[in-house]
1. In the structure shown, do any of Lys27/Lys364; Lys364/Lys537; Lys364/Lys531; Lys263/Lys364 have a Cα-Cα gap over 31 Å, and if so which?
2. Quote the charge dipole size of the range 560-622 about the Cα centre in Debye, to the nearest 20; the model charges only the Cβ of Lys and Arg (+1) and of Asp and Glu (-1).
3. As a test, work out the antiparallel percent of DSSP beta bridges whose residues both lie in the range 27-252, rounded to the nearest 5.
4. With θ taken as phi - 60° and the coefficients 6.51, -1.76 and 1.60, list the Karplus ³J(HN,Hα) couplings across the range 367-379 in order, rounded to whole Hz; mark glycine and proline as x.
5. Peptides 355-362, 188-195: what's the order by average Cβ count within 10 Å, highest mean first?
6. Arrange the residues Ser444, Ser37 by how much accessible surface each exposes, largest first, with a 1.4 angstrom probe.
7. Describe numerically, in nm with one decimal, the distance between label points set 7 Å from Cα along Cα→Cβ at Glu543 and at Thr68.
8. Using a 1.4 angstrom probe on heavy atoms only, work out the carbon and sulfur share of the accessible area of the range 27-252 in %.
Amino acid sequence: MDLDPEGLFRDDSDEDDDNVQEREANKEMVVYLIDASPKMFTPATKADEKEETHFHTIVNCITHALKTQIIGRSYDEVAICFFNTKEKKNLQELAGVYVYNVTEREPLDRPDARLIKEFSCIEDSFMSNIGSRYGITSGSRENTLYNALWVAQALLRKGSVKTVSKRIVIFTNEDDPFGGLTGAVKTDMIRTTIQRARDAQDLGLSIELLPLSRPDEEFNMSLFYADLIGLEGDEIVDYLPSSGEKLEDMTNQLKKRMMKKRKVKTLAFAITNDVCIEVNTYALIRPTTPGAITWLDSISNLPLKAERSFICNDTGALLQDPQKRFQVYNDKIVKFSTRELSDVKRVSSHHLRLLGFKPLDYLKDYHNLRPSTFIYPSDEQIFGSTRVFVALHSSMRRLGRFALAFYGNPTHPQLVALIAQEEVTSAGGQIEPPGMHMIYLPYSDDVRYPEEVHLTSDDAPRATDEQIKKASNLLRRIDLKNFSVCQFSNPALQRHYGILEALALGEDEMPDVKDETLPDEEGLARPGVVKAVEEFKASVYGENYDQEEAEAAAAKAGASKKRKALTDAAAEKSAAHNWAELADTGKLKDMTVVDLKSYLSAHGLPVSGKKEALVSRILTHLGK
């Protein structure tokens, strides 16, 4: 698929047919399978004073995901399904499975405001309307997990796996759903459930598990779910939940894993003339905008489609032939058709071509023209790509080098730097993935050389040792602990979407959006910070700076009061005359200069100039 590479970071309003194809190829259908057994309603952690449950955590995470999806990926479709329930609601009439939905919406459909609003409050009525029970019990052949997988597979029947990504996401804190069974019954139910999962995977459905650990024990993947989703060896470790005690860590981990990483495109990376590997590209950073305005028909309320037509300047007739563009060259008009212009601009096909390696210190901060693209190997088309990529990645990190490559996109060929990034993990999961960042470099034509100003030692200002010491103390006092750009949300966007959400959900009050970019007033008011600020200010401006500043402010206030008193006196004196009548009778020239200036001062007009200029200014103000 030939996509415009500039679409990586362009505004959503610049969407064209290529971007529509990209959206269709990246469309996603998700079925959330939520365990509703009684264990999900027990406290999530021992130290949890609020006694929040795993069920509450999952509802919050899915609600957050739906809100994010309805803004950023509204073309995706989602279904919510509970298993281990007392009530049943599904087309297959299978016991213990409840497909949650709202009116005027298909079970698998795009999320809407009503779904989000009602699902966020489902805990209040869940026990009375849906109910919770243990679905797999001793002495019963009922298998609610098998039923849930069957229902999820049926919901995902529509759409082709070639253009749509289909996922089943399971939420549970029960690592051994068949633990209460023994003997042949247990073996048979495990076998049939795993076979049901493999049948779904053979149809192109991806099954994922988001496990939650209980306070008394960690989730053990090897008991059952490793076989269900097809994990082996070290892969099981990646699915282990956080070992932290805070429920917030677990919630953040769930939110990260629910949001699937989507590749932008696949590139061929030519190492040499004989060696070529396959890599996927991802946009980790992209400017977010409120989105384009949709114009609606005033009668039908349906979206309007914009069309553009060309009219002949001479005849006014509508032009039907394809438009041609031209370029003036040597006083001649050279015409191009749309296809010719596209062919002229096309330099090469989509691929990366390695040029060589350089030390990392050759790369400067200002060389980065725009947000980088993250690349990761893929063995889908070219087997062995991952092995070659890992060898390059390890060598570049060990030798402290970056790879210089040519990125031959059709319309904007660029030099790029590939910088190897090491994987960073913590107790809460992966923080930074391993791979390479593709930094877009400038050409020599893009480099600007600003004028340099050279100051002599006498002209350049110098800070004293005392000033440097006070400034260092101030920096230590207001240091931002554990800083991350993820701490700050765009306040304008948050308010914009908050108001849209309130209107869509029919809420009476507008949301109170917290501006995280404002200074921490409480932190800045601490005695240690206040003292450091005052000491730094005194070292720079002197001990009497505040007094001098107060005196200057007082003098300014006194001058303002004096001007106001003069204006009031002039207005009072001016009110003694009928200026409109004087203007009509031509007697303004008989007035004294003092009287004329009193009128001008009362109305905030300039009082400079000779008597004739003052009269003219008054007549102009009166509209005469």
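1. Working: Lys27/Lys364 38 Å; Lys364/Lys537 35 Å; Lys364/Lys531 38 Å; Lys263/Lys364 28 Å.
Those over the limit are Lys27/Lys364; Lys364/Lys537; Lys364/Lys531.
2. The dipole of the range 560-622 has a size of about 420 debye.
3. 25
4. Using θ = phi - 60°, the values come out as 6, 7, 7, 7, x, 6, 10, 8, 10, 9, x, 9, 9 Hz.
5. 188-195, 355-362
6. Ser444, Ser37
7. For the pair Glu543/Thr68, the computed spacing is 5.7 nm.
8. 47
The values are calculated or read from the model by the stated rules, or taken from the named source; none is laboratory data. The shown structure was predicted, so the numbers you read here are calculated from the model rather than taken from an experiment. Cβ: placed from backbone, ideal geometry, glycine included. Neighbour counts: every protein chain shown. Areas reflect the complete protein model, heavy atoms only, side chains present, ligands, DNA and RNA absent. Shrake-Rupley method; radii C 1.70, N 1.55, O 1.52, S 1.80 Å.
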